[in-house]
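Below you'll find the structure, written out as structure tokens, and then a few comments.
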């Protein structure tokens, strides 16, 4: 089956097989969040990106193969409702940016900054700090693939609550740290809804800047 990234709450995960990684995308309720299980094909090691909700379904997705880390992309509660339960069940290292770490329901074991790398078995995910949606929002980059949390979606950057300074900060970070350095074919896996690519969104950057959201 061809991966599309179109998933529904209560439905099955969509699975993408890459040369180095396998990515499983699962939609969880009640806020239609996306959670991503990323596994190294060589070692079987896994990380979960955003233990958003429905711990039982996330643990079923993880299955009998262990995960070593849970990465929370930002501090908003809809992205960590299942964090405490999944962390307790798996013993995984809890990871977040220090500016958002204090808002999480469990202690953060590893704080990461812009440019750091998080290992998944034999593979590394690059941390990209995208300020504006929250102070400590992060994206995770594997060549050709970008997990953006709530900082970038099809059709625009994340919500900045109509704050011009926050919007300018997020738009600048997304422009400089994502669009200016990553190619059009980079696939975007957001925190809610459907996936996109940088190439599909790049022509709209001037429109986003003009409208201010």
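Computed from the coordinates by the stated procedures, all read-outs in this text should not be read as laboratory data. For clarity, every value in this text was computed on a predicted model and none was experimentally measured. All Cβ positions, even for glycine, are placed from backbone atoms using ideal geometry, and neighbour counts span all protein chains on display.
Each residue in 113, 84, 54 was given a count of other beta-carbon atoms within 10 angstrom of its own, and listing them fewest first yields 113, 84, 54. By the count of other C-beta atoms within 10 Å, a proxy for reagent exposure, 129, 76, 97 are ordered fewest to most as 129, 76, 97.
Extension gain, residue 18 to residue 194, is 61.5 nm, computed as 0.36 nm per intervening residue step minus the present C-alpha separation.
Measuring nothing but how far apart in sequence close Cα pairs (under 8 Å, 6+ apart) lie, relative to its length, the range 14-211 scores a relative contact order of 14 percent. If you run the Gaussian network model on the chain, springs between alpha carbon atoms under 10 Å, then out of 115, 136, 191 the most flexible one is 115. Adding -39500 (n - 2.57) for every DSSP H run of four residues or longer, then dividing by how many residues the chain holds, sets the calculated 222 nm ellipticity at -4500 deg cm²/dmol. Most tightly packed first, judged by the mean number of other beta-carbon atoms within 10 Å of their residues, the peptides 99-107, 11-19 read 99-107, 11-19.
In the chain, the longest principal axis of the Cα atoms and the axis of helix 164-173 are about 70 degrees apart.
Compared with the alpha-carbon gap, the fully stretched path from residue 9 to residue 172 is longer by 55.4 nm at 0.36 nm per residue.
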